[in-house]
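S.K.: What follows is a single structure, and I will ask about it in a moment.
The values are calculated or read from the model by the stated rules, or taken from the named source; none is laboratory data. Note that the structure is predicted; figures quoted are calculated from it, not measured. Because the Cβ atoms are built from the backbone with ideal geometry, glycine has one as well, and the counts that use them run over all protein chains shown. All accessible areas refer to the heavy atoms of the entire protein, side chains included, with ligands and DNA or RNA removed. Shrake-Rupley method; radii C 1.70, N 1.55, O 1.52, S 1.80 Å.
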Amino acid sequence: MKLRAGLYTIAALAIFAPRPCAAQERGATALGDALSGLPVSVRVLVIAAHPDDEDTRLITWLGKGRHADVAYLSLTRGDGGQNLIGNELGEALGVIRTEELLAARRIDGAQQYFTRAYDFGFSKSAAESFKHWPHDSLLTDVVTVIRAFRPQIVISVFSGTPRDGHGQHQVSGILAREAYDAAGDGAKYPASATSGLAPWTPLKFYRTTSYWAGAGATFHYNAGEYSPLLGRSFAEIAGESRSQHLSQGFGTLQRKGYIPGSVKREDSRAPGAPKDASAERSIFDGIDTTYRRLRGEMNTAQRPRVDSLVTALAIVGSRFDPSHPSVLAPTLERVERLANTLDGGASADADASLASLRDKAARAARMAMGIGIEATIPRDALALGDSMQAAVVVYDQYQTRIVVDSVSVGGSAISATMLGTAGARTIPRDSASTWTFTVRGTSLTAPWWLTPARTGDLFASPVSTRTAEASASGTAFASVYLAGGTVVRAPLVMRVGNPARGEEQRPLAVVPAISVTLDRAVGYARANAPLDRELRVTLRSAYETSRDVSVRLELPQGLEADTLSRTVSLAGVGVARTIAFRVRGTLPPGRHVITAVAESDKQQFSTGYIAIRYDHIRPQTIVREASMAIEAVDAQLPHGVSVAYVQGVGDNIAPMLGELGVPVTVLDAHALAAADLSRFTTVVIGTRAYESDPSLASQNPRLFDWVSQGGTMVVQYGQGEMAQPGMMPYPISLSSPAARVTDEASPITVLAPNDPLLATPNRITDADWRGWVQDRSLYMPSMIDSHYQTVIATNDPGEPANPGGILRAAVGRGSYIYTTLAFFRQLPAGVPGAARLFVNLLGPPIVSPTPAAHAVSP
């Protein structure tokens, strides 16, 4: 099976990556770096569990420093993490973190793979993780990726033991070794089980030891090694790569100087490698990392061609002149032709090695020739079924002339037809030629792995055998076929001159012709209480011409809208109108669904798209149904409650409280400093708010004084910062790692059955602890000052009960409440019991006697 080219796409897609290219990534410097790696042929696969788990220093040292083809396999897309830059959680966060990984790979030069595993959240053991991920299914995914990439070396970031902490980390370490052992077993894993891919036997298996100060290491390297060609050390490049994980707060310094790195060899099948792992002088010992090794895999007639290929590669390196790179173009094209004439089917190694060489030579040839390509569209949103024109312009910026055999436009979501005459064209130096196409939207742009919808904690789409960059190669791209065989691709983008930021390049997205969205996917209402709410429907057109659009609501029994339908005029592409319906009535307890349906020109529309836009990643769209689930909760509100809410990380709680009828004013730390707190009965601090905005801590003396005058302050969990002096009125401490309860169905022991937090205004029962999602409690204290009253205790199976879920202390005439319960996940998911309990926390101060000291059992 032939490997599909991927680096054409990788090189071209950087065109619309939001990060600008540094000088070292363009021109002669980039070409010199590419040429240095051209004679090297060795593949290394690094395996871990999540985005941000990868050892970027190792990856960069291998790829940039030793010119290996490196790929990172992340079991998950990080869907279960938290979000320091926005409110997206779950699958939407997985989309962001996928793009952050791809942004990192564009910097360190590696490729990216994923399995089908959905990140369900923190787990404490491999056994717990395997309850969510069927062992054999996930192992088959890892075997499939090994057979697709065909590495000689596999490196696991984690040990596969409890030392790794997170159960998903342990699973990645276990599966990495099992897949290394099994990938060559065609009886246990026939090709039919791995997307038609034949068995592949890696030669060596390592585990990283850098995270454990090199303990047990058999090979050490300097990740801080300086590259004169790139003008930076590999550790500096790795620091920039790691800093792409902004949603997880991993921005880091780009350090200079000696930085140690190490790995431990656990197994070797390489015949020439030392038997004693500690005797290795390179992790490549025993492996021929040149194309000469292909001679042994070819027939007698093809071996001279291998010799010619090796000679051509040597000539390319010796003839490099930074001032006149185009002289290399004929030799690079010859390398491509030789690679094409060799029989990749001679072996799996030859297939993978020659495919990689063709990609690398094509990229180098493009840089040497100074070809420029612009593939542009007049707008970045194309209605499904609609069409528009695209222009592909090829520039000869340096050569005497270039010959273009043909140009095409294609992609997963579009079809294209060329306008005008096909055929080869010759472009003189400092000239350009334009090809025009009609592009039609054939399917909606959306992350491919989200369709069809997942069941359980594995995505339903098969594991991709292509790199993630190639799989996400854009809705549309242009391919330019040059005489000599080089193919260059560029994405179709809309170019925008932003006066405040300069040029922006926005990729094409195929979207619903009329997008219909509601404010959120889940909402609350109080059961059997009068509901009088404004419900907003946003309509967005992708048509060029003006359209009249009517929209109506499909409501559950018990609700009525103020009008059956509304009609608005949408003037053209990108124009959005928000229509407000007044919805009134009552709902019984339970979940009810509201759907918005739009109609225009006898077509109905009931889907919309959500745009995800952050500066450090490429724009993404998520398609969702225009429906909203309303959870009607039997909840009473504290009398006269009025809340000031300081939002935290990934925090969507404030609007959910508003839907329950709680008067909420959202403030940031700056606004809080100037706010008249006498207006409020309660101040709520969101999850990890002190971490996301350190200036908030300076408000604590004022807040504690306000509490002492009779206020209620509710603080949701933080991390280590909460143990610092002055963060809470009375101290707590956290162990490392901090205690948490990951089983969302963990049993709850009520320590104070009649405590007002569990009784007023809503009596909390066993039913209120059911239906929670992902986590029960996070970063629970290990030591609790005696001034705090504990209310509940909970624990994961086999662990002692921890009373740190809700702490309450009297501060003067007021109450300070600290909760580590995962409300930030429960309320946005519409969990009824969590809403009832959170409302109780907002109530008036509780005066209670000073309790006895509390300590959590280790």
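S.K.: Could you pull out the residue among R363, R305, R334 that is part of a helix (DSSP H, G or I), open to solvent by 60 Å² or more (accessible area, probe 1.4 Å) and under 30 Å from P507 (Cα atoms)?
M.R.: Going through R363, R305, R334 in turn, just one is part of a helix (DSSP H, G or I), open to solvent by 60 Å² or more (accessible area, probe 1.4 Å) and under 30 Å from P507 (Cα atoms): R363.
S.K.: Conditions first: (1) out of contact with any strand residue (DSSP E or B) (no Cβ under 9 Å at 6 or more places or on another chain); (2) surrounded by 13 or more Cβ atoms within 10 Å (Cβ to Cβ). S262 passes all but one, so which condition is the exception?
M.R.: (1)
S.K.: Continuing with the same structure: Confirm whether V646 is free of Cβ contacts under 8 Å to residues at least 60 places away in the same chain and open to solvent by 50 Å² or more (accessible area, probe 1.4 Å).
M.R.: no
S.K.: From the set of residues in region 657-685 that are modelled with pLDDT of 95 or more and in a loop (DSSP other than H, G, I, E, B), which is nearest to G833 (Cα to Cα)?
M.R.: It comes out as L660.
S.K.: Of the residues A30, A117, A103, which single one is under 28 Å from A183 (Cα atoms) and open to solvent by less than 10 Å² (accessible area, probe 1.4 Å)? Don't jump to the end; show me each part of the working.
M.R.: Details: A30 fails: under 28 Å from A183 (Cα atoms); A103 fails: under 28 Å from A183 (Cα atoms).
Only one candidate qualifies: A117.
S.K.: Sticking with this structure for a sec: Looking at region 453-465, can you tell me whether even one residue there is part of a strand (DSSP E or B) and over 18 Å from S387 (Cα atoms)?
M.R.: For region 453-465, residues part of a strand (DSSP E or B) and over 18 Å from S387 (Cα atoms): present.
S.K.: Okay, moving on. Only one of S565, S569, S550, S546 is of a type in the set (S, T, N, Q) and in contact with a Gly (Cβ under 9 Å, 6 or more places away or on another chain). Can you tell me which?
M.R.: Within the list S565, S569, S550, S546, the selection yields S546.
S.K.: Which of the residues spanning region 127-148 are assigned to a helix (DSSP H, G or I), open to solvent by 10 Å² or more (accessible area, probe 1.4 Å) and in contact with a strand residue (DSSP E or B) (Cβ under 9 Å, 6 or more places away or on another chain)?
M.R.: H132, S137
S.K.: Mind listing whichever residues of region 788-841 are surrounded by fewer than 24 Cβ atoms within 10 Å (Cβ to Cβ), out of contact with any Pro (no Cβ under 7 Å at 6 or more places or on another chain), outside any helix (DSSP H, G or I) and among the charged types (D, E, K, R)?
M.R.: Listed by number, the residues that qualify are D796, E799.
S.K.: Which condition from (1) within 30 Å of S137 (Cα to Cα); (2) in contact with a strand residue (DSSP E or B) (Cβ under 8 Å, 6 or more places away or on another chain); (3) without any contact (Cβ under 8 Å) to a residue 60 or more places away in the chain is the one that F437 breaks?
M.R.: Failed condition: (1).
S.K.: Could I ask something else about it? Tally the residues that are more than 19 Å from A629 (Cα to Cα) and crowded, with 18+ Cβ neighbours inside 10 Å, restricting the search to region 600-613.
M.R.: So the count comes out to 2.
S.K.: Right, something else. Looking at region 677-687, which of its residues are touching a residue at least 40 places away in the same chain (Cβ under 8 Å) and either among the aliphatic types (A, V, I, L, M) or more than 24 Å from P844 (Cα to Cα) (or both)?
M.R.: Passing the criteria: V683, V684.
S.K.: What are the residues in region 524-543 that are open to solvent by 70 Å² or more (accessible area, probe 1.4 Å) and under 33 Å from the mean Cα position of the chain (by Cα), if any?
M.R.: R536
S.K.: Being surrounded by 12 or more Cβ atoms within 10 Å (Cβ to Cβ) and over 17 Å from G608 (Cα atoms) is the filter here, so list the residues in region 435-458 that pass it. Working first, answer last.
M.R.: First, the residues of region 435-458 that are surrounded by 12 or more Cβ atoms within 10 Å (Cβ to Cβ): 435-451, 454, 457-458.
Those that are surrounded by 12 or more Cβ atoms within 10 Å (Cβ to Cβ) and over 17 Å from G608 (Cα atoms): W435, T436, F437, T438, V439, R440, W449, R454, D457, L458.
S.K.: If the requirement is being among the β-branched types (V, I, T) and open to solvent by 70 Å² or more (accessible area, probe 1.4 Å), which of these qualifies: T621, T595, T567? Even if it seems obvious, please write down each step before you answer.
M.R.: On the way: T621 fails: open to solvent by 70 Å² or more (accessible area, probe 1.4 Å); T595 fails: open to solvent by 70 Å² or more (accessible area, probe 1.4 Å).
So the residue among T621, T595, T567 that is among the β-branched types (V, I, T) and open to solvent by 70 Å² or more (accessible area, probe 1.4 Å) is T567.
S.K.: Could I ask something else about it? Looking at A529, A500, A483, which is the one that is in contact (Cβ under 8 Å) with a residue 60 or more places away in the chain and farther than 21 Å from W435 by Cα?
M.R.: Numbers: A500 fails: in contact (Cβ under 8 Å) with a residue 60 or more places away in the chain; A483 fails: farther than 21 Å from W435 by Cα.
Result: A529 is the single residue among A529, A500, A483 that is in contact (Cβ under 8 Å) with a residue 60 or more places away in the chain and farther than 21 Å from W435 by Cα.
S.K.: Given the options S268, S318, S282, name the one that is hydroxyl-bearing (S, T, Y) and either over 19 Å from P202 (Cβ atoms) or free of Cβ contacts under 8 Å to residues at least 60 places away in the same chain (or both).
M.R.: On the way: S268 fails: either over 19 Å from P202 (Cβ atoms) or free of Cβ contacts under 8 Å to residues at least 60 places away in the same chain (or both); S282 fails: either over 19 Å from P202 (Cβ atoms) or free of Cβ contacts under 8 Å to residues at least 60 places away in the same chain (or both).
Residue meeting the stated conditions: S318.
S.K.: In region 268-287, which residues are acidic (D, E) and exposed (fewer than 15 other Cβ atoms within 10 Å of the Cβ)?
M.R.: D276, the sole residue that qualifies.
S.K.: Shifting gears a bit: Residues in region 700-713: is at least one farther than 21 Å from R813 by Cα, outside any helix (DSSP H, G or I) and touching a residue at least 24 places away in the same chain (Cβ under 8 Å)?
M.R.: no
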